[in-house]
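A.B. asks: What follows is a single structure, and I will ask about it in a moment.
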Amino acid sequence: MSDENYQFQYYMYLFRKHFQKVLLGLFLLVLIFTSIKTVGPEEEGVVLYVGQYNRTVEPGLNFILPFGIEKMYKIPVQRQLKQEFGFRTANVGNNNTQYSGKNFADESLMLTGDLNLANVEWVVQYRIVNSYYYLFRVRDAEKALHDMSESAMRKIVGDRTVNEVLTVGRQEVATSVEVLLQKMCEEYENGIRIDQVVLQDVNPPDPVKPSFNAVNQAQQERETLINQAESEYNRIIPRARGEAEETVQLAEAYALTRVNGATGEADRFTSLYQEYAKAPEVTKKRIYLETMERILPKVGNKVIVDERGSNVLPLLNLDQQRQQQQPKSNP
């Protein structure tokens, strides 16, 4: 007997001797892998017994019937999921994000209410709130949600003009799509709650993009001019109103002063007349003295001549008086 035949017979002997042990080990290994399931902290497990819903298990280590008798689906109920439309994120890095180069214009190119085209890219962020509904009420809930989102976006965009979609109406479009999509999810009972709809980018198609950019630039220039005019209006008009109010108040104050002065003079004249009526001579003398008291200090030097000295030639040295009146100059 050759050595090769001897080795072959020896190996066959060992195989027959340990076959049952090997078979038992394989059985136990398959039993362990098919009966022990680990559910992550953000998931819950839905267990099917021979294809029919049986129970829902919590996160942690769980046991099911082996060999395919029971099957478990792990549903990420505590994680926020998203679907992208018009683009796909290929790789997310710390500094930059890479996007797929594939063209998704078939889902992002839409017709607006004024019969223009717009390339709308958006993101739907959602959560699975009912794993049973998610698996059994709608076939392929992810695909159904994708179609529902596209339908809702086309409906909302189709009710608005292209300028609204491109500029001022973007937030309103996103909010309207979110409300409509949540309503559709409740009607279909797919177990999904919509967290947010975000318009990522809205652009006109490439062939007409230069024309749209020119229109947008003109609109921005118009808004700039309007804002400048309103700023100038707000700067000039309040100041003019303030100046007009100041002029009116000054006129009213001047009129009040004049009226009060005239009233005071009239009251003074009335009082003076009443005193004059009581004693005319005394009042005339008093008025004369008060008038002279105001006038004489302004006259300067006074020369009083006796009216009875008409026979004597008075001598009045005017030059000497003029020199006395002139101020002495500094040496």
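No lab work stands behind these numbers, since they all come straight from the coordinates. Here the structure is a predicted model, which is why all the values come from computation and not from measurement. Cβ placement follows ideal geometry from the backbone for every residue including glycine, while neighbour counts extend to all protein chains displayed.
A.B. asks: With θ taken as phi - 60° and the coefficients 6.51, -1.76 and 1.60, list the Karplus ³J(HN,Hα) couplings across segment 107-122 in order, rounded to whole Hz; mark glycine and proline as x.
C.D. replies: 9, 10, 7, 10, 9, 8, x, 9, 6, 10, 9, 9, 9, 9, 10, 8
A.B. asks: Once you have all Cα-Cα distances for segment 175-276, histogram them in 10 Å bins from zero and send the whole-percent values.
C.D. replies: 11, 13, 13, 14, 12, 10, 8, 7, 6, 4, 1
A.B. asks: Within the set Lys82/Lys102; Lys82/Lys143; Lys21/Lys74, which residue pairs have Cα atoms separated by over 23 Å?
C.D. replies: Lys21/Lys74
A.B. asks: Given +1 on the Cβ of Lys and Arg, -1 on the Cβ of Asp and Glu, and no further charges, what dipole in debye does segment 81-204 carry about its Cα centre, rounded to the nearest 20? It would help to have the intermediate numbers written out before the result.
C.D. replies: Working: 13 positive and 18 negative charges, 56 e Å.
So the magnitude is around 260 debye.
A.B. asks: Next question, about the same structure. Taking the number of other C-beta atoms within 10 Å as the exposure measure, put Lys209, Lys21, Lys71 in order starting with the fewest. Walk me through the intermediate numbers first.
C.D. replies: Values: Lys209 12, Lys21 9, Lys71 16.
By the 10 Å Cβ count, ascending: Lys21, Lys209, Lys71.
A.B. asks: Taking a virtual spin label 7 Å from the Cα of Gln219 along the C-beta vector, which residues in segment 162-199 bring their backbone nitrogen under 11 Å of it?
C.D. replies: 162-170, by backbone N distance to the label point.
A.B. asks: Step through the residues of segment 264-272 one at a time and calculate ³J(HN,Hα) from phi using the Karplus curve (6.51 cos²θ - 1.76 cosθ + 1.60, θ = phi - 60°), rounding each to whole Hz and writing x for Gly and Pro.
C.D. replies: Once θ is set to phi - 60°, the couplings for segment 264-272 become x, 4, 5, 5, 5, 5, 5, 5, 5 Hz.
A.B. asks: So between Phe136 and Ala251, what do we pick up on full extension, going 0.36 nm a residue minus the alpha carbon distance?
C.D. replies: My answer for the length gained is 32.8 nm.
A.B. asks: Report Rg(Cα)/(2.2 N^0.38 Å) for segment 81-204, keeping two decimals.
C.D. replies: Compactness ratio reported: 1.09.
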